[in-house]
1. Past 18 Å, Cα to Cα, is the threshold; run Lys96/Lys235; Lys34/Lys65; Lys69/Lys109; Lys56/Lys109; Lys69/Lys235; Lys80/Lys235 against it and keep the listed order.
2. Relative contact order for the stretch 14-89: what is it in percent, counting Cα pairs under 8 Å that are at least 6 residues apart?
3. Translational diffusion coefficient of the stretch 329-376 at 37 °C, 0.692 mPa s, Stokes-Einstein with Kirkwood Rh over Cα pairs, in µm²/s as a whole number.
4. For the peptides 287-294, 308-315, what is the packing order when you average, over each peptide's residues, the other Cβ atoms within 10 Å and list the highest mean first?
5. Could you list the square roots of 5 times each eigenvalue of the Cα gyration tensor of the stretch 62-101, that is, the equivalent ellipsoid semi-axes, sorted largest first and rounded to whole Å?
6. Report, to one decimal in Å, the Kirkwood hydrodynamic radius for the stretch 309-388 based on all distinct Cα pairs.
7. Given Cα positions, please report Rg to Rh for the stretch 11-75, the hydrodynamic radius being the Kirkwood one.
8. Per residue of the stretch 115-125, in order, report the coupling 6.51 cos²θ - 1.76 cosθ + 1.60 (Karplus, θ = phi - 60°) as ³J(HN,Hα) in whole Hz, putting x for Gly and Pro.
Amino acid sequence: MKKWFKHPLAYVAIILAMVCGLIFVLAAVPGFNKLPSGTQNLRVVFLDQDQSSVSKNIATHLENKLPFKMVTATSFANAKRQLNTRQAALIIQIDKGFYQRVTRGQTPKLTYTVNQSNGLLQNMVTKNVTTQVTTQVASQLTTAKVTQMLAQSAGKALMQKQQSVAKQQVKQQLQAALAKSPQLAQQPAQLKKLQQQAIARVKRQQQQRLMPQVKKQAAATAATLTGQVATTTTKLHALPTNYQYQFAPMFLNLGAYLGIMLMSLVLTLMFMSARHVIGKWSALLAVQLNGFIGVLAAPLVTLGTLRCLISFSSSAFWQLFGVQVLFGLAVFEFTLAIAFLCGGLPSMILQLPLLVSQVVASGAIIPRPALNGFYRWLSTHTPMSQGVYSTFNALYGGANSGYTSALWWLISLSLLAVILIGWLGYRSTKTNPLSRLVPFTAGN
């Protein structure tokens, strides 16, 4: 027993457990420090197809009350493009005829359009937003300002109905004035002025007489609106309710990343030993060929297994296969460059926190806009996020938005880094302890 605890590996094992726990805490927990306030960075598109005084008033109210960035769109096509490219989380649409329905005492309508091809938190927030908006609009329709608008509308309608009566009253007042002063008939300017005064007087009298009726009608209409806003939710890309579908993109890409990272470490150790036997460039070419075969083979197994668990079409399968191969190449070159830079196994000190941080920044749980600056930067400059969003697109729909081009850039830059590190960093002809971990001889 004493001999066991005299061996250094006994203490390396304890340190390894401590370091791994520390890495996960330091790499993952800070990613959530902007929640829940970070969700305020999500964009909500407001589309006013009614363009009435009531709908504009509602838009202003929502902009002031909702804890989100609200932007306006000029057309549904423009709003839909923002939703499809994940620039926006939700479209709030006031349908044409909203104001007319309000003034008639009918139930006004709101239409929500959502893109469910997103991470868990964003979909939950979007659902909560629709509930908040419906409540806010329903309450806003009973405020004094809206009641005043309804009163103005009702007043105009009543005044139009009373036009014939008003004309008759103006005519009677003019006739009475002419009977009293017949000479006014020979004075057109005075007669016109008298007519204008009579019209203003009759209008003022009618307003005073009809105002109680107008207020009563407006209040009755406003009262019928309380809690009676009809809503319709349209799903641009629907997601099945089973949470297997929600988390499939994250675990598919997490498993692929971890497997390929370990493969790159093993191949790095082989390279460090083989370069002394078959030559540096031959060994590097073998590493690349070996990695490419692994990247092609792994998705066939994982996607075949995934298809046994969740349902998707054969066309989605091959689209996913293309996504996974591209993602796998990016991960392989990215992790290989770090492994080459750090000499194989020591790179785990950097690789592990990078992996954990990318899981947080992937978009599968927290949407990009809700992340803090560092994790948002990491999300756009590392493979995981691009792979997760591309997988969402392949399974459920959505626009590319540069995910593919970002992966190609990562592949190109990482491959260039591998070549430069291999050229500059592995010049020694002498073997070292790391290069002897995986022995490679001419007989192999």
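1. Working: Lys96/Lys235 20 Å; Lys34/Lys65 20 Å; Lys69/Lys109 23 Å; Lys56/Lys109 15 Å; Lys69/Lys235 21 Å; Lys80/Lys235 11 Å.
Beyond 18 Å between Cα atoms: Lys96/Lys235; Lys34/Lys65; Lys69/Lys109; Lys69/Lys235.
2. Values: 50 pairs, mean separation 27.0, N = 76.
So the answer I get is 36 percent.
3. Details: Rh = 11.8 Å.
It diffuses with D of about 279 µm²/s by this estimate.
4. So the peptides 287-294, 308-315, ranked by packing, come out 287-294, 308-315.
5. Numbers: eigenvalues 78, 49, 10 Å².
After scaling each eigenvalue by five and taking roots: 20, 16, 7 Å.
6. Numbers: mean 1/r = 0.0715 Å⁻¹.
One decimal place: 14.0 Å for the Kirkwood radius.
7. Values: Rg = 22.6 Å, Rh = 15.6 Å.
Checking Rg against Rh, the ratio lands at 1.45.
8. Along the stretch 115-125, the couplings run 10, 7, 7, 8, x, 4, 5, 4, 5, 5, 5 Hz.
Bear in mind that the values in this text are calculations on the coordinates, not laboratory data. Just so you know, these numbers come straight off a predicted model, no measurement behind them. Here the Cβ is made from the backbone with ideal geometry for all residues, glycine too, and neighbour counts use every protein chain on show.
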